[in-house]
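Bear in mind that the values in this text are calculations on the coordinates, not laboratory data. Please read all numbers here as calculations on a predicted model, not as lab measurements. Please note: Cβ atoms are built from the backbone with ideal geometry, for glycine as well, and neighbour counts cover all protein chains shown.
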Amino acid sequence: MTKKLIKKSRNNTHNLNHDTLVTIGRVIKARGLRGEIKVEPLSNVLDRFKFLHEIILELKNGENINFNIEYSRISGVNIILKLNGIDDRDAAEKLRSAYINVTLDNVAPLDNNSYYIFDLVGMGVFDSSNNKIGFVTRIEQYPANDVIVVEKATEEIIIPAIKEFIVGIDLKSKKLTVNLPEGLPRYPKEGKKNE
C-alpha cells in the first residue's frame, strides 16, 4: 500500500519550513578522483535522480547547501552523482554522511495507490462507520508489507498497510479509513495505563 520512500529532513537552516524538504538519499562516500559521490537512495524511485537538476545537501553539522547536479547514474543499488563545484576526491569526501534533500515540487510522482510516508503521518484514522480511532504516528517498513502505527489516547495499534485493511485514503481531508479486524497488535503508550 505504501511505498518505501521518504523520511523528512531534520534540520533545515535556510529559513525553510521543516515540511518543505524531503530526504531522498544519503552520501555514502567519495567515488573516484573527480569529485563524484556514491549515494544510498532512501527511496525506491531510483530514476528520480536522472531528472533532478538541483539538490539540497544537509551536512553533518546541520548546514544546508544547494548544489546543481552535473550528472547522475545508477550503479547497482546506489547512485553516483557529480555535483557542480565538487571537483576532487577531498571535496567529495567532506560530503560523507550528508543527507540529500529535495523540495516538495521535486518529489517524484507515484503510481495510483502509492503514497509518501510524509503524506500519511498525522492523518486521522477512522473505521468504516466513520468513528475516529486515532491518528497515524509513523509507518514502519518490513519486507512483507509496511505497517501503519495508529496512536489512540492510551495505546498504539499496528495496522498492516494492505488492501484488506485499508478502505480509503483521502489526502485532501487527511483521512485514512480502515477495516479493523480482531486481534491486531495493541501496545500501551509509555506513561499511560490501558483502561
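When a/c is below 1.5 the answer is rounded, else prolate if a/b is larger than b/c, else oblate, so apply that to region 136-195 with a ≥ b ≥ c taken from the square roots of the Cα gyration tensor eigenvalues.
Numbers: a/c = 1.77, a/b = 1.43, b/c = 1.24.
Prolate.
Which value at 222 nm does the chain reach when only helices count, each DSSP H run of 4 or more adding -39,500 (n - 2.57), with the total divided by all residues and rounded to the nearest 500 deg cm²/dmol?
Estimated from H runs of four or more residues: -1000 deg cm²/dmol.
Looking at 181, 126, 162, which one has the Cα that reaches farthest to the positive end of the dipole of region 117-188 (charges on Cβ: Lys, Arg +1; Asp, Glu -1)?
126
Cα to Cα, under 13 Å, and not fewer than 8 places away if on the same chain: which aspartates and glutamates meet these conditions relative to residue 82?
36, 54, 70, 93
Using θ = phi - 60° and the Karplus relation 6.51 cos²θ - 1.76 cosθ + 1.60, list the HN-Hα couplings for region 97-104 in order, rounded to whole Hz, with x at every Gly or Pro.
6, 6, 8, 9, 10, 10, 7, 4
List the aspartates and glutamates whose Cα lies under 12 Å from the Cα of residue 189, skipping any in the same chain that are fewer than 8 positions away.
Of all the aspartates and glutamates, those that pass the test against residue 189 - Cα under 12 Å, at least 8 places apart if same chain - are 151, 155, 156.
Sort largest first and round to whole Å: the equivalent ellipsoid semi-axes of the chain, each the square root of five times a Cα gyration tensor eigenvalue.
Values: eigenvalues 279, 57, 43 Å².
Semi-axes from the Cα gyration tensor: 37, 17, 15 Å.
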